[in-house]
Protein chains: 2
Amino acid sequence: MPERYHDEIRRLPLFSDLSDESFISLLQGAYVQNFPPQITLIDEGDTSDFLYILVSGAVEMFSTWNGRETSMDTIRPVTTFILAATVKDAVYLMSARTVEKSRLILLPSENVRRIFETDATFAKCIVTELAQGYRSIVKTSKELKLRTSLERLANYLLREQARGGGGAAEFDLPMEKRRLASYLGMAPENLSRAFKALQPYGVEVAGSRITINDEADLRAFAKPSPLIDDASI
Amino acid sequence: MPERYHDEIRRLPLFSDLSDESFISLLQGAYVQNFPPQITLIDEGDTSDFLYILVSGAVEMFSTWNGRETSMDTIRPVTTFILAATVKDAVYLMSARTVEKSRLILLPSENVRRIFETDATFAKCIVTELAQGYRSIVKTSKELKLRTSLERLANYLLREQARGGGGAAEFDLPMEKRRLASYLGMAPENLSRAFKALQPYGVEVAGSRITINDEADLRAFAKPSPLIDDASI
DNA sequence: CAGGTCACTTGATAAATATCAAGTATTGAT
DNA sequence: ATCAATACTTGATATTTATCAAGTGACCTG
């Protein structure tokens, strides 16, 4: 693997505290690969051969059952994914595909498990990463069970606005609407109607451009809660 | 804390590999407490002061938002809960209450974090536990998004049947129906109707007693998948 | 820039699910 | 055992959400 990637992934919280020795050992046999959009990287049910690191582009995690499909998450760089399957040496529970041209690093799962066994620092970083991931999906589950689709959309928009920093009134949706609909657990048609239904609360939609004209009004409807909507806790 | 509990919790995968020294240190300041039913142990949003171990009884994890409540999980002995909040030193994302007379061990979160920092073995056990918990809730999320409430009930019944071992045709629901309804993400009235709707597939209900007359028939409807329904992967 | 593909929207309808308002069982306490 | 409280069930209705069927609009691609 070219050295120029070392720094970039070294900065990830998962690897930053690692000894140089462990880090080098972890990268043995790792390689960088570029993918066009819409390429399936992982099929759920397959055994975990690699830990993936997204360096650029975007990757969708999704799952299927009985002919239905749902979007579970969209990964943005620079992030590792499917860590839990890797450390457990278990099959993947989610599939993954690129949504745009993407560059990934593939770390042999074996390496991850070996360093995990021998390097206490790495084990600690993995704990932090897994605990974060666990809490993140707990919030998602709470949202699915406690909110209607309209409420989920309203809160999603507020989160996206906050993520842009500052709280600018305008921002672009980071994904296609049909994928957003699936992520929020609704049919694409209903996402269209849900956007309409948020107009009275000051939400304007023009293509992928969202304008929140009256944040206070939208918040009054959405009733965001840190225990569901705050990514940092 | 009385010594007689040591063996019992020592057997938990989370603690079994721990050195005696670490184990003793972990238990400093821990105490055993008995609770009657319907006592709130944890309010979501509170800071994580203890790691809980359920020794006997049953505990419901639940969450609320905007006046609504949903049951997230029911903990059975002997199990630890809210590990993620403890190791991250973060607020609890779920509330907890006893559903019957229960005995719990409360381990100061501080201890957990201290031993986690100093004992590599413990860190590794925490990784396993968290990875398991993460994968478990991923399955739950998939089920919520991919299945209708009737399908969720059918698969739940098959899982419960399998959990009893052997695959006996009869078993008792391990919780009240209203709580089961909330856990499965449906109104109690709809759970009643869903049971009725499963009659054609050989499901008989008498109080909390469930009889599955034709497992093959029910499976043909439920279409269970290991990637959602198998707790062991 | 023309044409085709595909995402998105809109309207109509159907299905799933929740709510409300009775009832009927079951449970627990005295 | 009796009574009250509470869980559960059932029916009627309302709401939410999905599906189907046209459209319209955006974005490639040649």
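The values are calculated or read from the model by the stated rules, or taken from the named source; none is laboratory data. The model shown is predicted, which means the values in this text are computed figures rather than measured ones. Backbone-built Cβ (ideal geometry, glycine too); neighbour counts: all protein chains shown. SASA here: full protein model, heavy atoms, side chains in, ligands and nucleic acids out. Shrake-Rupley method; radii C 1.70, N 1.55, O 1.52, S 1.80 Å.
Below are the figures for this structure:
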read-out: Extreme residue, nearest to DNA strand C (Cβ to nearest atom), among residues of segment A:63-86 that are open to solvent by less than 20 Å² (accessible area, probe 1.4 Å) and either assigned to a helix (DSSP H, G or I) or closer than 24 Å to A:Pro108 by Cβ (or both); value: A:Ile75
read-out: Residues that are under 15 Å from the mean Cα position of the chain (by Cα) and either at the interface with another protein chain (Cβ under 8 Å from one of its Cβ atoms) or of a type in the set (Gly, Ala, Ser) (or both), drawn from segment B:84-119; value: B:Ala84, B:Leu93, B:Met94, B:Ser95, B:Ala96, B:Ser102
read-out: Some residue of segment B:34-47 being in the same structural domain as B:Arg97 (by TED's automatic domain parsing), surrounded by 14 or more Cβ atoms within 10 Å (Cβ to Cβ), touching a strand residue (DSSP E or B) at 6+ places or on another chain (Cβ under 8 Å) and of a type in the set (D, E, K, R); value: yes
read-out: Residue check, A:Ser136 open to solvent by 40 Å² or more (accessible area, probe 1.4 Å), of a type outside the set (Asp, Glu) and closer than 30 Å to B:Asp89 by Cβ; value: yes
read-out: Condition check for B:Leu146: within 13 Å of chain A (Cβ to nearest Cβ), hydrophobic (A, V, I, L, M, F, W, C), within 12 Å of DNA strand D (Cβ to nearest atom) and more than 19 Å from the chain's Cα centre (by Cα); value: yes
read-out: Residue satisfying all of: in segment B:194-208; under 23 Å from B:Thr74 (Cα atoms) and not hydrophobic (A, V, I, L, M, F, W, C); farthest from DNA strand C (Cβ to nearest atom) among these; value: B:Ser208
read-out: Residue match in segment B:101-112 (condition: out of contact with any helix residue (DSSP H, G or I) (no Cβ under 8 Å at 6 or more places or on another chain), buried (at least 22 other Cβ atoms within 10 Å of the Cβ) and in contact (Cβ under 8 Å) with a residue 24 or more places away in the chain); value: yes
read-out: Close pairs from segment B:211-233: first open to solvent by less than 60 Å² (accessible area, probe 1.4 Å), partner β-branched (Val, Ile, Thr), Cβ under 8 Å, at least 6 apart; value: B:Thr211/B:Val203; B:Thr211/B:Val205; B:Ile212/B:Val203; B:Leu218/B:Val203; B:Leu218/B:Ile212; B:Leu227/A:Val91; B:Leu227/B:Ile233; B:Ile233/A:Val91
read-out: Residue in segment A:163-176 that is closer than 26 Å to A:Ile82 by Cβ, open to solvent by 60 Å² or more (accessible area, probe 1.4 Å) and more than 11 Å from DNA strand C (Cβ to nearest atom) present; value: yes
read-out: Residue match in segment B:113-134 (condition: without any contact (Cβ under 8 Å) to a residue 40 or more places away in the chain, touching a Gly at 6+ places or on another chain (Cβ under 7 Å) and assigned by TED's automatic domain parsing to the domain that holds B:Thr40); value: yes
read-out: Filter result for the condition that a residue is within 14 Å of chain A (Cβ to nearest Cβ), within 11 Å of DNA strand D (Cβ to nearest atom) and surrounded by fewer than 18 Cβ atoms within 10 Å (Cβ to Cβ), over B:Ala181, B:Ala187, B:Ala197; value: B:Ala187
